[in-house]
Amino acid sequence: DQVDFIFQKKQFHLKEVVDLNKSLEYPSWGIHGLAYNEVYRRIKEKGYTVVIEGHGSDELFGGYPYMIEPLIFKNFQKFRFKNAFKIFNSYLKTIDSSIQSNSKYYLLFKILIKGLINPLQRNFRKNIELSFEYKILPIVLRTFDRLTMNNSIENRSPFIDYRIVEFSRGMPEKFLYDKIGTKAILRRILKKYNKEHIYKIERKMG
């Protein structure tokens, strides 16, 4: 397979940021859109008009690190300490390196306190549902729809096909998270087809 690398510029002009926000029609979460826009521009230069993307998989299958926190709390709450620490150690591998600089005992304490004071921090399924319907995915889809249109490209997100959405809602938790990591069902499919270079990636990366 041919792989093209696109390196992000170290500096952007203010006009580029302004133009990006005009294209998006609302302020985005940061300047990441500039890098994505460059990716789509290069894709268009290669002659492609449609891209297939993975939007929705994290929001359906619990791929964000914060979503794992209720599982850690729930196992502590039920005195399943061995399982709680197993999940917590896996959680540490998924989080951003800037967060990893904190003491792991501090991070664990923080998770337990959040679980005690916030009912949402005790509900793995509710976190997934809210991220899909309100908190994350709607913003992601709106942003990437505009970024691709800005470069005359159509994007498709197969994970949000209604059949996959309905299927995921009825999955047992073990298909969403187990010892193989987050989004367990997807990792096991990749493992079946020997895609180790993908399914063994633990840290959550945009």
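The values are calculated or read from the model by the stated rules, or taken from the named source; none is laboratory data. Every value quoted in this text rests on a predicted model; they were computed, and no experiment measured them. Backbone-built Cβ (ideal geometry, glycine too); neighbour counts: all protein chains shown. Side chains included, ligands, DNA and RNA excluded: accessible areas come from the protein's heavy atoms. Shrake-Rupley method; radii C 1.70, N 1.55, O 1.52, S 1.80 Å.
Mark the label point 7 Å from the Cα of ARG80 along Cα→Cβ and return the residues of region 163-186 whose backbone N is within less than 18 Å of it.
Inside the label zone: 171-185.
Give a quick list of chymotrypsin sites (Phe, Trp or Tyr not before Pro) in region 59-119 that DSSP marks as loop, anything other than H, G, I, E or B, with at most 15 other Cβ atoms within 10 Å. Working shown, then result.
Working: sites: PHE61, TYR66, PHE73, PHE76, PHE79, PHE81, PHE85, PHE88, TYR91, TYR105, TYR106, PHE109; in loops: PHE79.
Sparse-neighbourhood loop chymotrypsin sites (Phe, Trp or Tyr not before Pro): PHE79.
Which of the trypsin sites (Lys or Arg not before Pro) found in region 11-99 are in a DSSP loop and have at most 15 neighbouring Cβ atoms, other than their own, within 10 Å?
Details: sites: LYS15, LYS22, ARG41, ARG42, LYS44, LYS46, LYS74, LYS78, ARG80, LYS82, LYS86, LYS93; in loops: LYS46, LYS78, ARG80.
When the trypsin sites (Lys or Arg not before Pro) of region 11-99 are filtered for loop state and at most 15 Cβ neighbours within 10 Å, LYS46, LYS78, ARG80 remain.
Just to confirm, what accessible area per residue do you get for the chain at 1.4 Å probe, in whole Å²?
Details: 13410 Å² over 206 residues.
Averaged over the residues of the chain, the accessible area is 65 Å².
Considering only THR182, SER168, TYR193, whose Cα is most displaced toward the positive end of the charge dipole of region 160-206, charges sitting on Cβ of Lys, Arg (+1) and Asp, Glu (-1)?
TYR193
Could you tell me how many degrees, from 0 to 90 and to the nearest 10, lie between the Cα long axis of helix 32-45 and the main elongation axis, the longest principal axis, of the Cα atoms of the chain?
Helix 32-45 sits roughly 50 degrees off the main axis of the chain.
Can you figure out the FRET efficiency of ILE160 with TYR48, using R₀ = 22 Å and their beta-carbon distance, to the nearest 0.05? If you can, show how the numbers build up before the last one.
On the way: r = 21 Å, r/R0 = 0.96.
The formula returns an efficiency of 0.55 here.
Select one label from (1) -0.59, -1.46; (2) -0.46, -1.29; (3) -0.52, -1.42: the one whose number is log10 I(q)/I(0) by the Debye sum over Cα atoms at q = 0.10, 0.19 Å⁻¹ as derived from the coordinates shown.
Here log10 I(q)/I(0) by the Debye sum over Cα atoms at q = 0.10, 0.19 Å⁻¹ agrees with entry (3).
Please determine, in degrees from 0 to 90 and to the nearest 10, the orientation of helix 81-94 with respect to the longest principal axis defined by the Cα atoms of the chain, where the helix direction is its Cα long axis.
Tilt relative to the chain: about 20 degrees.
Across region 97-206, how many lysine pairs, 8 or more positions apart or on different chains, have C-alpha atoms separated by under 17 Å? Please give the number.
Count of close lysine pairs: 18.
Based on Cβ point charges of +1 for Lys and Arg and -1 for Asp and Glu, what charge dipole magnitude is obtained for region 69-157 about its Cα centre, in debye rounded to the nearest 20? Provide the component values of the computation, followed by the final result.
Details: 16 positive and 6 negative charges, 114 e Å.
It comes to approximately 540 debye.
Once you keep just the Cα pairs under 8 angstrom separated by 6 or more residues, what percentage relative contact order results for region 111-206?
Working: 37 pairs, mean separation 8.2, N = 96.
Value for region 111-206: 9 percent.
Take VAL17, project a point 7 Å from its Cα along the Cβ direction, then tell me which residues of region 26-56 have their backbone nitrogen under 16 Å from it.
26-36
Show which aspartates and glutamates lie in cross-link reach of LYS46 when reach means a straight Cα distance below 18 angstrom and same-chain residues fewer than eight apart are skipped.
Hits, sequence-local ones excluded: ASP1, ASP4, GLU38, GLU154.
For region 127-206, which GluC sites (Glu not before Pro) are in a loop by DSSP, counting at most 16 other Cβ atoms within 10 Å? Each step should come with its number before you reach the end.
Details: sites: GLU129, GLU133, GLU154, GLU166, GLU173, GLU196, GLU202; in loops: GLU202.
Filter output for region 127-206: GLU202.
Rounded to a whole number, what % of the accessible area of region 107-152 do carbon and sulfur atoms account for, probe 1.4 Å?
Working: 1480 of 2440 Å².
The computed percentage sits at 60.
Any idea which of PHE109, VAL140, LEU34 is furthest toward the positive side of the dipole for region 1-141, if Lys and Arg beta-carbons carry +1 and Asp and Glu beta-carbons -1?
With unit charges placed on the Cβ atoms, the residue in question is PHE109.
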